[in-house]
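Here's the structure, in structure tokens; my notes come after.
What follows is calculated from the coordinates using simple rules that are stated; it is not laboratory data. As the structure is a computational prediction, the values presented were derived from the model and not from experiment. Methodologically, a virtual Cβ is constructed for each residue, glycine included, from the backbone with ideal geometry; neighbour enumeration extends over all protein chains shown.
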Amino acid sequence: MQINVSKIDLRKPPGYFREFHERYLERFKTKTRDVGDKAMDYMLGGFHLDKKFTLTNIPEVVPDTNNQRLHHFISESPWKWEPVIRQLQKDASDLIGGGDSALVADGVSFPKQGEKSVGVARQWCGRLGKVENCQVGVFLGLATPEGDRTLIDERLYLPEEWVEDKERREEAGVPEDVEFRTKPELALKMILEAKENGVSFGWVNADTAFGDSGDFRRGLDKEGITYVVEVPCNTNIWLEEEVDPSGGKRKPSRRVDELADELDQSQFEEVYVRDTERGELRCDAIALRVRTVENDCPSDDEEWLVIRKDNDETKYLLSNAPSNAELEKLVRMSAGRYWIERAIEDGKGEVGMGDYEVRKWRGWHHHMTMTMLAMLLLLEMKIGLEDKCPDLTVQDVRDILQRTLPKRNVTEDDFRKLLEEKIKRRKSARNSRHRKNKNS
């Protein structure tokens, strides 16, 4: 293992942090004020806090800030997150984009209590593996075959019950022009916007929540975007040779898992998927030309069906890759799903992605945008130090930032003041709840 990080290298992160911050300063200006310094404080808090990332905890570690200013920045300030994301996408594409990079869509659930948080509802919560009260975000990530990854866009899924409830929408600050969109529709829109914004990628990956949607796949194909997406085991298909071009009689369609059971193991090939810490990950796979079922008829377009056996797990994927695509290439292209899951873990574990105290539309999008900015900074620094330490991770970079960025030196007087403010806020929140209960 090679580690050539010097003391001089460890003095550079504060300067790099300032340069990164200055790159985005213009995006944090509103008509009346510049909130760029608050953006810097918010990111600093995410890097410094080992405990839960909250507005209350940030002033304990970040110099010259307070809860009120940070709350206004994240929840109320009218800075627009879309320009920040467009710049972030350009920077991420310059860093890790290219023909071998995957654009990956995934859903992320955030368990919540109560009914006030925007978009909260009893719905499938992937984090808990059951139907539970939660918010659901749809995220877009960019990943390389080597595992460099970051999130580059987000949408908050708004259930129909929320879209149709005018009073709840107004209370949560949901804009009037926001309409109901399914998760695949949200993902497709993000992908097309990323492409229009110049993000460089070779193909799209997604799990069954998106791959199961024919509209999602057709929308990508229409724009000339290659996809390799997972589909459920009950997806019905015909093998291409079973389809009668004249539209005459044909065999009944069958589920992809039924087809997999009919195949002999000798028809599968062992192929490379990706590198892991334990060596190469390989799987048994086969690729077949198929047509899916649409309105009880074969779809107009052929697709690849990739059946991939990883130990005791079998995955089914559809792809519009060229008809001469090689099996190993198709399997390697499917690996992006793994890296988006790691990116989400990075966001939650390193920069407080799931730790937020906002209830409204604007606050949710502001927090997620700041999370993605922090993730990009970690990735830029990791790649910048790879020549001196190839085994560096984003977790290591966060440790470096924690030890080198400005941190508040809390005196006894400071601590007493922070404690008083915390108790005061807690008492105010308790009194507010009591008043609401009394009036209800």
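Structure values in brief
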quantity	calculated
Distance between modelled label sites at Lys130 and Gln402, nm, 7 Å Cα→Cβ extension	3.3
Cα shape, the range 281-376, gyration tensor, a/c 1.5 rule	prolate
Cβ-Cβ FRET estimate between Glu262 and Cys297, R0 fixed at 25 Å, reported to 0.05	0.65
Segment Arg218-Thr182, length gained on full extension (0.36 nm per residue, minus Cα span)	11.4 nm
Pair Thr56, Glu386: separation of 7 Å Cα→Cβ label points (nm)	4.1
Rounded Å value of the spacing that divides the Cα centres of the range 143-165 and the range 304-349	19
Residue exposure sequence - Asp207, Asp50, Asp396 - by fewest surrounding Cβ within 10 Å	Asp50, Asp396, Asp207
Glu328-Asp94 FRET efficiency (beta carbon distance; Förster radius 45 Å; 0.05 resolution)	0.95
Set of the range 288-325 residues, backbone N closer than 16 Å to the point 7 Å along the Cα-Cβ line of Glu270	309-312
Sites Thr32 and Glu161, calculated FRET efficiency, Cβ-Cβ separation with R0 45 Å, nearest 0.05	0.80
Listed residue pairs exceeding 32 Å between alpha carbons, taken from Lys38/Lys222; Lys90/Lys116; Lys189/Lys348; Lys195/Lys360; Lys38/Lys112	Lys38/Lys222; Lys90/Lys116
Footprinting exposure proxy for Glu185, Glu26 (fewest neighbouring C-beta atoms within 10 Å first)	Glu26, Glu185
Disulfide-incompatible cysteines by the Cβ rule (no partner under 4.7 Å) in the chain	Cys233, Cys283, Cys297, Cys389
Helix-derived mean residue ellipticity, 222 nm - over the chain, DSSP H n ≥ 4, -39500 (n - 2.57), to 500	-12500 deg cm²/dmol
5 angstrom amide H check on Glu294, placed H, neighbours 5+ away	Ser299
Fewest-first ranking of Cys125, Cys134, Cys297, using other Cβ atoms within 10 Å as the exposure measure	Cys297, Cys125, Cys134
Identified option (computed Cα Rg over 2.2 N^0.38 Å; candidates [x] 0.97; [y] 1.09; [z] 1.40)	[y]
Axial C-alpha extent at least 24 Å, average Kyte-Doolittle at least -0.5 - helices from the chain (DSSP)	361-384
